[in-house]
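A short write-up of the structure that comes next.
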Amino acid sequence: MRPDLWLLLALVCLPLIAAQTPPGYWPKTPRGLDVIFRDQQLIQPGQLVLPDDAIDPPVFGRQGLSVFQSYLAVMIDVEVNHEGTATPLVHWLQPDLKVRDPFTGRLARLSDEDVPYVGPRPVPGPRHTYVLLLFEQPTTYRFPECFSSTRPISVDTRSGFNLAQFMHVAGLQEPIAASYFTARNEETPSAPPPRVTTTSLSTAPCATPTRFVWC
């Protein structure tokens, strides 16, 4: 193949390879994560998903995952407009995922959720973006009790989730795979959403020094 065609192919394919997380999102990874909701269709990065199709937790997979490794998954609404404050909201935190099918890399849950799953519940208005991150779970992993306030299901308890701090306290490295999807509420808003005037990120009361890096 001519060099100029190789260059053109690289320019076309590079965004597709790199776009496993929303643009500008941290942490990021070029490695895709298979995400399947109850309709049994593989979700493509950025795909619009109906909230009713995501009521139950998704199934994850990726070829090449080790059968000897445990994995941990996190699902986050990237930006919720909470009374004029833009903040991330954690929807799910699932440890102890193990490969059940070495051929497809399909994962099975072997324990309860650390943070119970809540499906997309966007208010009427713009689409919400949900990122799904898969981490290698350390053998010494224990859910940090300083994050126990995120377990109850409410906007107040789930918003402001500080992923960088959680990764540091839980001993997680960069995610090994990721994907994301969007969802929206098709109802007509009764009023315009509050104008975002600030952003907010919580800091959990953890004893471990928070030497995490802001990106």
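PHE161 - would you say it is free of Cβ contacts under 8 Å to residues at least 60 places away in the same chain and among the aromatic types (Phe, Trp, Tyr)? Spelling it out, it is not the case that PHE161 is free of Cβ contacts under 8 Å to residues at least 60 places away in the same chain and among the aromatic types (Phe, Trp, Tyr).
Among the residues of the range 27-41, just one is part of a loop (DSSP other than H, G, I, E, B), hydrophobic (A, V, I, L, M, F, W, C) and more than 15 Å from GLU136 (Cα to Cα), namely PHE37. For the range 70-87, filtered to residues that are at pLDDT below 95 and polar (S, T, N, Q), the residue that is farthest from the chain's Cα centre (by Cα) is THR85.
All but one of (1) within 23 Å of CYS146 (Cα to Cα); (2) at pLDDT below 95 hold for PHE103; which doesn't? PHE103 satisfies every listed condition except (1). I'd like to check something: does the range 101-114 contain any residue that is in contact with a His (Cβ under 9 Å, 6 or more places away or on another chain) and over 18 Å from PRO152 (Cβ atoms)? Within the range 101-114 (the criterion being in contact with a His (Cβ under 9 Å, 6 or more places away or on another chain) and over 18 Å from PRO152 (Cβ atoms)), the answer is no, since none of the residues qualifies.
Look at the range 60-87: where a residue is in contact (Cβ under 8 Å) with a residue 60 or more places away in the chain and a partner is basic (Lys, Arg), sitting 6+ places away or on another chain with Cβ atoms under 7 Å, you get SER70/LYS98; GLY84/ARG195.
Per the conditions (1) over 18 Å from LEU163 (Cβ atoms); (2) crowded, with 19+ Cβ neighbours inside 10 Å; (3) of a type in the set (Phe, Trp, Tyr), the sole criterion not satisfied by PHE103 is (2).
Annotation note: of VAL90, VAL67, the sole residue that is of a type outside the set (Asp, Glu), at pLDDT 95 or above, surrounded by fewer than 17 Cβ atoms within 10 Å (Cβ to Cβ) and out of contact with any His (no Cβ under 9 Å at 6 or more places or on another chain) is VAL67.
Counting only residues that are crowded, with 18+ Cβ neighbours inside 10 Å and assigned to a loop (DSSP other than H, G, I, E, B), the range 119-142 holds 4 of them. Considering the conditions (1) out of contact with any Phe, Trp or Tyr (no Cβ under 6 Å at 6 or more places or on another chain); (2) hydrophobic (A, V, I, L, M, F, W, C); (3) over 19 Å from ARG31 (Cβ atoms), ALA54 is excluded by exactly one of them, (1).
The values are calculated or read from the model by the stated rules, or taken from the named source; none is laboratory data. Keep in mind that this is a model prediction, so the values were computed, not measured. Note that we place each Cβ from the backbone using ideal geometry, even for glycine, and neighbour counts take in every protein chain shown.
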